[in-house]
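**Student:** Below are the structure tokens for one structure; questions will follow.
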Amino acid sequence: MADKRSLVVYVVDDDASIRDSLALMLGLAGYTTRLFADAESMLAAFQPDWAGCVVADLRLPGLSGIELQARLRERGSAIPFVIITAHGDVPAARAAFRAQAVDFIEKPFEDTQLREAIDTAFALETDRLGAAELRRADEAKLARLTPREREVLEHAVNGLHAKEIGAALGISPRTVEVHKMRIMEKLEVRNIAELVRLRFR
């Protein structure tokens, strides 16, 4: 599982003094930071395996913090966002939350307020990374199945019994049971409920 040391706070703010003060404050609190002066420079540097959260100013030269979030979503990134602004209003806050920002914080803010928002974002990111790791493990297990075992699996998770699966595939119910036994061994599951959960996870 990811922890605070393996996650990064990507700070995007055009005010150098704010970037530096946030980096200092967060660094002293044990966070790793990476700083950007605008959305475009973060987009240019961005890698798909980046994990943590983005703390972005709402108003930036060029793309706004919310537009940056939208661009990253278009690239398939689900990295959480915390939007900070000196120009907070209801429409801006609504737009941020509609874009699924973790929080919308008005400047000046307390250090603890930002750290709490980042910790919430990190918890979401840890859950996301854990789920992605589980999916990769499931895919690796499913890749062990033969084409015939995959056919049996699809019918089994759709609720068909051995006799029905056998009729559909032109094999005996006994052969279906042998396939099911091998499938469960390869996928490391103990029963049909676990099989269904893994298949649709």
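**Student:** Give the stretch 123-148 a look and list any residue that's farther than 30 Å from A101 by Cβ and open to solvent by 50 Å² or more (accessible area, probe 1.4 Å), or say none.
**Tutor:** Correct list: E139, A140, A143, R144, T146, P147, R148.
**Student:** Quick one: A132 ticks every box in (1) under 30 Å from M184 (Cβ atoms); (2) small (G, A, S); (3) in contact (Cβ under 8 Å) with a residue 60 or more places away in the chain except a single one, so which number is it?
**Tutor:** Going through the list (1) under 30 Å from M184 (Cβ atoms); (2) small (G, A, S); (3) in contact (Cβ under 8 Å) with a residue 60 or more places away in the chain, A132 breaks only (3).
**Student:** Which pairs turn up if I take residues in the stretch 67-84 that are outside any helix (DSSP H, G or I) and look for partners that are of a type in the set (S, T, N, Q) with beta carbon separation below 7 Å, at least 6 apart in sequence or on another chain?
**Tutor:** Correct list of pairs: F81/Q69.
**Student:** Picking from I118, I171, which residue would you name as being surrounded by 16 or more Cβ atoms within 10 Å (Cβ to Cβ), outside any helix (DSSP H, G or I) and on the phi < 0 side of the Ramachandran plot?
**Tutor:** Details: I118 fails: outside any helix (DSSP H, G or I).
Just one listed residue meets the conditions, I171.
**Student:** The conditions are (1) part of a helix (DSSP H, G or I); (2) open to solvent by 20 Å² or more (accessible area, probe 1.4 Å), and L198 fails exactly one of them. Which is it?
**Tutor:** L198 satisfies all of (1) part of a helix (DSSP H, G or I); (2) open to solvent by 20 Å² or more (accessible area, probe 1.4 Å) except (2).
**Student:** Further question: So which residues in the stretch 25-49 are closer than 15 Å to I118 by Cβ and either in a helix (DSSP H, G or I) or of a type in the set (F, W, Y) (or both)?
**Tutor:** Hits for the stretch 25-49 are M25, L26, G27, L28, Y31.
**Student:** Looking only at the stretch 174-195, how many residues end up being within 21 Å of L134 (Cβ to Cβ) and assigned to a helix (DSSP H, G or I)?
**Tutor:** Qualifying residue count for the region: 9.
**Student:** Can I ask one more? Output the residues belonging to the stretch 97-108 that are surrounded by 13 or more Cβ atoms within 10 Å (Cβ to Cβ), more than 18 Å from the chain's Cα centre (by Cα) and not in a strand (DSSP E or B).
**Tutor:** Within the stretch 97-108, just K107 meets the criteria.
**Student:** What's the number of the only condition in (1) touching a residue at least 60 places away in the same chain (Cβ under 8 Å); (2) loosely packed, with under 15 Cβ neighbours inside 10 Å that H161 fails to meet?
**Tutor:** (1)
The values are calculated or read from the model by the stated rules, or taken from the named source; none is laboratory data. Predicted model only: the values in this text are computed from it and were never measured. Using ideal geometry, Cβ is built from the backbone for each residue, glycine included, and neighbour counts are taken over all protein chains shown. Protein only, heavy atoms only, side chains kept; ligands, DNA and RNA dropped before computing areas. Shrake-Rupley method; radii C 1.70, N 1.55, O 1.52, S 1.80 Å.
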